[in-house]
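What follows is a set of notes on a single structure, which appears directly below.
The values are calculated or read from the model by the stated rules, or taken from the named source; none is laboratory data. This one's a predicted model, so the numbers in the text were calculated from it and none came from an experiment. We place every Cβ from the backbone using ideal geometry, glycine too, and count neighbours over all the protein chains shown.
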There are 2 protein chains.
Amino acid sequence: VSGFGIENLPFGARADAGGAATGIVVRFEDSVLDVRALAADGLLDDTGVPRTALEAANLDALLACGRVAGAAVREAVAALLADGRAERALSPLAGTRLALPFTVGDYVDFFASLEHATNVGRMFRPDGEALPAAWRHLPIAYHGRAGTVVVSGTPIRRPRGILPGPAGPRHAPTEALDFELELGIVAGGPANAVGVPVGVDEADARIFGVVLVNDWSARDVQRFEYVPLGPFNGKSFATSVSAWVVVLDALEGARVAPVAQDPPPAAHLQARDPWALDLELEAELQGGRVTAGNSRGLYWTFAQQLAHAAENGATIRPGDLFASGTVSGPARGSEGCLLELTRGGTEPLLLADGSERAFLADGDEVTLRAQSADGTVALGAVTGAILPAH
Amino acid sequence: VSGFGIENLPFGARADAGGAATGIVVRFEDSVLDVRALAADGLLDDTGVPRTALEAANLDALLACGRVAGAAVREAVAALLADGRAERALSPLAGTRLALPFTVGDYVDFFASLEHATNVGRMFRPDGEALPAAWRHLPIAYHGRAGTVVVSGTPIRRPRGILPGPAGPRHAPTEALDFELELGIVAGGPANAVGVPVGVDEADARIFGVVLVNDWSARDVQRFEYVPLGPFNGKSFATSVSAWVVVLDALEGARVAPVAQDPPPAAHLQARDPWALDLELEAELQGGRVTAGNSRGLYWTFAQQLAHAAENGATIRPGDLFASGTVSGPARGSEGCLLELTRGGTEPLLLADGSERAFLADGDEVTLRAQSADGTVALGAVTGAILPAH
């Protein structure tokens with residue numbers, strides 16, 4: 001199974017030569033299906049989704065219509081594929097240029113993996129408690145830079161930054177460029193009014209779909225700058241997302257019970273029917289697998305993440321992106337970033353070509369993948385190659 | 001002098017009853033001038049700015065045209081006011097509803113005041129160095145929530161959050177609601193390409209104009225959540241900005257040499273002709289002045305802030321908002337937030353009605369003001385009244 005059969009049907013957007021979105025497409029196996037063409041023929045009218053949203057350049061208007069609208073279009077497309085009426089709207093995926101599928105509103109990155117938070121805490125704060133005092137009481141997060149979220153395939157320029165050093169800080173290209181393997185939730189509408197929280201049981205309805213995320217990080221820059229306001233230039237140069245948004249309904253079969261939380265969170269974060277996603281995750285570096293994990297072990301659920309971000313009355317807008325933070329497992333080799341895999345660079349990885357990596361080298365290509373345990377539903381892969389610093 | 005005479009002419013946007021922007025206006029004394037009407041009559045054609053940008057609902061397209069375009073329109077409007085041709089496009093400011101003047105791209109909040117950083121450091125980290133190790137080497141900042149930036153006059157709902165307490169964390173309305181008196185830079189186009197930094201000497205050209213900012217803060221929420229990823233829910237519920245964007249050219253007369261920096265920053269942050277803004281700032285609480293300061297004392301300049309945010313190659317888009325962080329002076333009574341003014345709530349302020357405030361009470365109204373030393377140019381005031389928690 002490919003992971004992109006009739007069970008999946010994720011949404012994306014075609015791009016012109018400059019990378020601008022030019023129309024919504026659905027992926028089916030190794031083809032893309034032109035949603036505008038189907039809509040123009042009236043074949044999606046029964047979904048109740050306005051044609052303007054379906055004939056738009058990207059997913060923004062469809063996201064505003066909400067999760068139910070996305071599910072309805074996906075079901076209608078499945079029916080049209082099954083009875084052959086979608087045939088003439090199909091074209092090969094190969095050679096199709098894909099755009100960032102939606103305009104990112106706010107981009108939030110959580111810290112939801114207990115193993116990741118503990119591992120990083122040990123390295124960044126060797127003299128203190130590994131886990132921050134608040135960690136088990138709320139899903140810690142920061143706002144990232146929405147304007148530098150890019151689609152899979154976009155090359156990543158090695159950033160410069162102010163690096164700490166024995167002779168004092170210096171300005172240089174990062175020497176600790178890293179990837180972070182994460183899942184991301186794409187919010188759908190309608191937006192909650194300012195000042196009105198989104199309850200944890202209402203959060204599911206605001207989750208339009210799921211993407212895979214690589215939150216590129218410059219560890220030396222991050223480490224020097226992060227007290228007390230958190231990561232900034234060590235993260236803001238680029239975040240890559242998959243070209244495909246998998247609607248939450250396509251992942252019904254991957255829902256599992258989440259891990260137990262100790263202590264129990266505050267009442268407003270306790271869902272009636274909590275769920276995690278049983279997705280197998282992996283990262284490849286130069287074509288060789290360097291980590292393999294699973295998102296079912298995340299401590300904080302996606303519904304808790306979204307409800308926490310809105311519990312102060314902050315508006316969640318369609319197109320807001322909520323990433324989980326690095327997904328790391330308890331086993332050696334299941335950590336979701338090089339910082340952990342190489343223990344801060346002290347235990348370099350041996351690649352297939354015999355070279356070693358503490359952190360990413362210029363020219364390196366990283367690919368992230370995710371799929372359900374039975375392989376029927378995959379997220380879009382996220383790739384990026386490192387360009388040398390300017 | 002009013003601060004809104006012919007020397008100023010800031011840009012804003014009219015709002016409909018729902019708060020949506022419906023057209024660009026310029027403020028002149030106690031009137032607003034309809035830019036769409038002038039553009040439709042061809043009176044702004046000589047500026048070279050496309051009519052579509054001038055007839056738009058808000059400033060987004062004008063910001064994309066860049067700082068020079070804004071300055072050209074302002075000059076043309078001044079000439080039309082001087083010779084009487086703008087007369088019939090004027091209407092009273094009173095009764096005019098104003099919108100958030102532009103769509104906020106990314107919202108960044110700096111920590112550029114040495115006094116503020118030191119004061120807060122002493123309170124939040126009593127056992128450590130008040131000033132973070134990196135503070136004098138780079139302008140520390142975090143990304144705030146763009147989706148909750150609201151225009152002056154918008155009521156602010158007291159947020160709930162997870163608060164620390166002797167019996168363990170609890171979920172409750174904040175008990176330490178605060179304002180922060182800040183200046184903000186609104187970025188103009190054209191955007192730098194991803195991966196290409198903006199030099200400190202190129203930064204001025206990207207500064208379209210200046211707004212006044214109130215970065216509302218829930219200190220108890222912030223204090224519990226901020227390690228290690230920085231403030232999140234303690235800030236993200238609301239940030240208020242003035243309805244008027246004062247173009248940088250209108251502030252030529254307020255430019256002064258900035259304070260000396262020790263140690264000198266890295267070469268890429270050293271401007272040939274550095275400048276600060278000599279603006280007198282004040283905050284009123286329930287109509288009485290509670291602080292008065294000046295932005296000329298900010299340690300990090302606006303050009304350095306913008307250049308730092310882009311030095312890793314991050315795109316600066318038109319509509320990105322860069323706030324200075326709380327502007328505090330060295331003298332008692334010149335601190336830009338209640339946390340400092342009341343020493344963490346231990347020395348409450350006495351208001352004119354005889355009541356005391358450690359932090360903001362429901363029903364309180366806060367107003368921020370700023371003007372040049374000679375009073376000729378004012379920023380738009382920023383007001384907000386506190387609604388009780390939901």
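A compact table of results
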| item | result |
| --- | --- |
| Residues of the stretch A:311-359 that turn out to be in a strand (DSSP E or B) and touching a residue at least 24 places away in the same chain (Cβ under 8 Å), as a count | 5 |
| Residue selected from the stretch A:311-326 under the condition among the small types (Gly, Ala, Ser) and in contact with an Asp or Glu (Cβ under 9 Å, 6 or more places away or on another chain), by the criterion nearest to the other protein chains (Cβ to nearest Cβ) | A:314 |
| Residue A:213 buried (at least 22 other Cβ atoms within 10 Å of the Cβ) and more than 14 Å from chain B (Cβ to nearest Cβ) | yes |
| Condition broken by residue B:109, with the remaining ones in (1) within 14 Å of chain A (Cβ to nearest Cβ); (2) assigned to a loop (DSSP other than H, G, I, E, B) satisfied | (2) |
| Lone unmet requirement of (1) under 28 Å from residue B:296 (Cα atoms); (2) assigned to a strand (DSSP E or B); (3) hydrophobic (A, V, I, L, M, F, W, C) for residue B:172 | (1) |
| Test: residue in the stretch B:125-142 that is crowded, with 24+ Cβ neighbours inside 10 Å, facing another protein chain (nearest Cβ under 8 Å) and part of a strand (DSSP E or B) | yes |
| Sole residue being within 7 Å of chain B (Cβ to nearest Cβ), out of contact with any Pro (no Cβ under 7 Å at 6 or more places or on another chain) and within 26 Å of residue A:384 (Cβ to Cβ), chosen from A:154, A:148 | A:148 |
| Qualifying position, being modelled with pLDDT of 95 or more and on the phi > 0 side of the Ramachandran plot, among A:336, A:329, A:384, A:363 | A:363 |
| Residue identified as under 30 Å from residue A:364 (Cβ atoms), out of contact with any His (no Cβ under 7 Å at 6 or more places or on another chain) and either among the hydrophobic types (A, V, I, L, M, F, W, C) or surrounded by 23 or more Cβ atoms within 10 Å (Cβ to Cβ) (or both) among A:148, A:103 | A:148 |
| Odd one out for residue A:91 among (1) surrounded by fewer than 17 Cβ atoms within 10 Å (Cβ to Cβ); (2) closer than 21 Å to residue A:291 by Cα | (2) |
| Subset of the stretch B:333-390 (residues that are within 20 Å of the chain's Cα centre (by Cα) and of a type in the set (Gly, Ala, Ser)) | B:334, B:336, B:370, B:372, B:373, B:375, B:378, B:380, B:381, B:384, B:385 |
